[in-house]
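The values are calculated or read from the model by the stated rules, or taken from the named source; none is laboratory data. This one's a predicted model, so the numbers in the text were calculated from it and none came from an experiment. Note that each Cβ is placed from the backbone with ideal geometry, even for glycine, and that neighbours are counted across all protein chains shown. We work out accessible area using only protein heavy atoms, side chains counted, and drop any ligands, DNA or RNA first. Shrake-Rupley method; radii C 1.70, N 1.55, O 1.52, S 1.80 Å.
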Amino acid sequence: MATSDSEDESQTKVMKVMKPKTFQAEVRKAVEEAKHSITKAVTKIVEERISKLAEAVEMMAETVTAAWEKAQANEKKINVLQEQSRKLKMQNKVIKDKLMDLENRARRSNLRLKCIPETEDMEKIIEWMAKLMPDLGISKDSLDRIHRVGMQKAGMTWPRDVVMCFGKYTQREQVFKEMKALDRRDQLLYEDKKVMVFEDLSQETIKRKKKLRLFTKVLQEKEMKYTWRIAPFAMRMQYKGETLFAEDQKQMVALFKHVGLQLPKDYKQVHDLEVEEDSDSGEEYEQATKPKKKGRKAEKKTWDFRDRAKK
């Protein structure tokens, strides 16, 4: 207790010695010094942080710049590759069209018969055609060859197609027209069974026609006539005095919109089709052997788009 009393007395003496103004000045000075030191320390910390942040931002800017430059270079490469791809697709289409045209020309003297029983001999088929069309001079000598198409696979319930190659294209045309006329009268029969006759087209042509099948089915239901242009390939029809062509689905969609027809529901689901030589035979054989429903004949329309196209 004696020690604390002495300390209080000494502080009191000091207070008495110092004047009020001097004390206030000292306090202000101490506060300013503390403020200065704190500001200096804080400023140093902030500057260090800002410096590090600036370095990070600069590095990020360099990275972004490098990435942008790389993206620009890649974009140029992509544009070049896309242009090359476009040209290659065009060249590929031209080559495919030329090959398809050459193959169709090589087959132009052929006819393809469907639904003739598999067990029938080729000579017997020639004799049947000669009796069916006695005025057209069909014989072994008028044909270059006649044969079945493809291999007979296990489980096949339908006969393979028969291909006949005529020595003269003019005779082939006469036979084709006559057989089509007999077919329209339901008289194209082999042993009382319906036979179907088609032009012998390349597989690429058949593939393209199948891609448009949903559209042509609508045209058939609407009794709107159309024809096929083989070289270059296209579906052709007449509408209100103008000739319309469609090579693929995209053009067929535009054609349908132009003539005011409703698009088929599932046309977008038709993708690339792989067509085999005998891929349609089973389906067509079932259609040919299915009994026809009796009913009133459809009223004939006066539209004949094919005749108009020829004019």
Could you identify the single residue in Arg107, Arg49, Arg86 that is in contact with a strand residue (DSSP E or B) (Cβ under 9 Å, 6 or more places away or on another chain) and of a type outside the set (Asp, Glu)? Arg107
Long-range neighbours under 7 Å by Cβ, at least six apart or interchain, first residue touching a residue at least 12 places away in the same chain (Cβ under 8 Å) and under 10 Å from Lys225 (Cα atoms) within region 236-250, second open to solvent by less than 70 Å² (accessible area, probe 1.4 Å) and among the basic types (Lys, Arg): Arg236/Arg229
Subset of region 178-225 [in a strand (DSSP E or B) and either in contact with a helix residue (DSSP H, G or I) (Cβ under 6 Å, 6 or more places away or on another chain) or touching a residue at least 60 places away in the same chain (Cβ under 8 Å) (or both)]: Tyr190, Lys193, Lys194, Met196, Val197, Phe198, Glu199
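Table: residues versus (1) surrounded by 10 or more Cβ atoms within 10 Å (Cβ to Cβ); (2) at pLDDT 85 or above; (3) of a type outside the set (D, E, K, R).
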| position | (1), (2), (3) |
| --- | --- |
| Asp5 | no, no, no |
| Val42 | yes, yes, yes |
| Thr65 | yes, yes, yes |
| Glu69 | yes, yes, no |
| Gln82 | yes, yes, yes |
| Asn92 | yes, yes, yes |
| Leu102 | yes, yes, yes |
Determine which member of the set Gln203, Gln174, Gln152 is closer than 22 Å to Met100 by Cβ and open to solvent by 20 Å² or more (accessible area, probe 1.4 Å). Gln203
How many residues, within region 217-229, are at pLDDT 90 or above and under 25 Å from Leu99 (Cα atoms)? 3
Please give the number of the condition Lys98 fails out of (1) over 20 Å from Tyr190 (Cβ atoms); (2) surrounded by fewer than 12 Cβ atoms within 10 Å (Cβ to Cβ). (2)
Confirm whether Leu81 is over 25 Å from Thr205 (Cβ atoms) and among the aliphatic types (A, V, I, L, M). yes
